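The structure appears right after this line, and notes come after that.
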Amino acid sequence: MTHVSTTPADHLAYLTAQNRMPAASVIAVRVAVVMSKWATRRRTRLALKQLSDHQLRDVGLTPAEAYYESRRVFWRA
């Protein structure tokens, strides 16, 4: 019985030899990532509106900074 040893370089060579994803798949993945980021921003900015002054101090924000951040649109980083 023989044992074939593979190195990490062999695994990388195998991966790079594979066909790439179709362009439509790449676009779909990028859109999904952007939508996920937007949803997270929206959710966290809505939650920021609900924090008390004490909670804002805990995260290092003033009420004015929290108000400004919570009013930003979700597509702006």
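Yes or no, residue by residue, for (1) surrounded by 11 or more Cβ atoms within 10 Å (Cβ to Cβ); (2) at pLDDT 95 or above; (3) among the aromatic types (F, W, Y):
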{"site": "T7", "(1), (2), (3)": "no, no, no"}
{"site": "A13", "(1), (2), (3)": "yes, no, no"}
{"site": "A24", "(1), (2), (3)": "no, no, no"}
{"site": "M35", "(1), (2), (3)": "no, yes, no"}
{"site": "R76", "(1), (2), (3)": "no, no, no"}
- Take the residues of the range 47-77 that are within 24 Å of S36 (Cβ to Cβ) and charged (D, E, K, R): which is nearest to the chain's Cα centre (by Cα)? R76
- Here the residues within the range 18-77 that are of a type in the set (A, V, I, L, M, F, W, C) and touching a helix residue (DSSP H, G or I) at 6+ places or on another chain (Cβ under 7 Å) are L48, L51, L56, A66, F74, W75
- Task: Could you tell me whether any residue of the range 53-64 is at positive phi and either in contact (Cβ under 8 Å) with a residue 24 or more places away in the chain or loosely packed, with under 10 Cβ neighbours inside 10 Å (or both)?
- Result: yes
- Message: Can you confirm whether R30 is surrounded by 11 or more Cβ atoms within 10 Å (Cβ to Cβ) and modelled with pLDDT of 95 or more?
- Response: no
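The values are calculated or read from the model by the stated rules, or taken from the named source; none is laboratory data. Keep in mind that what you see is a predicted model, and the values were worked out from it rather than measured. With ideal geometry, Cβ positions are generated from the backbone for all residues, glycine too; neighbour counts draw on all protein chains shown.
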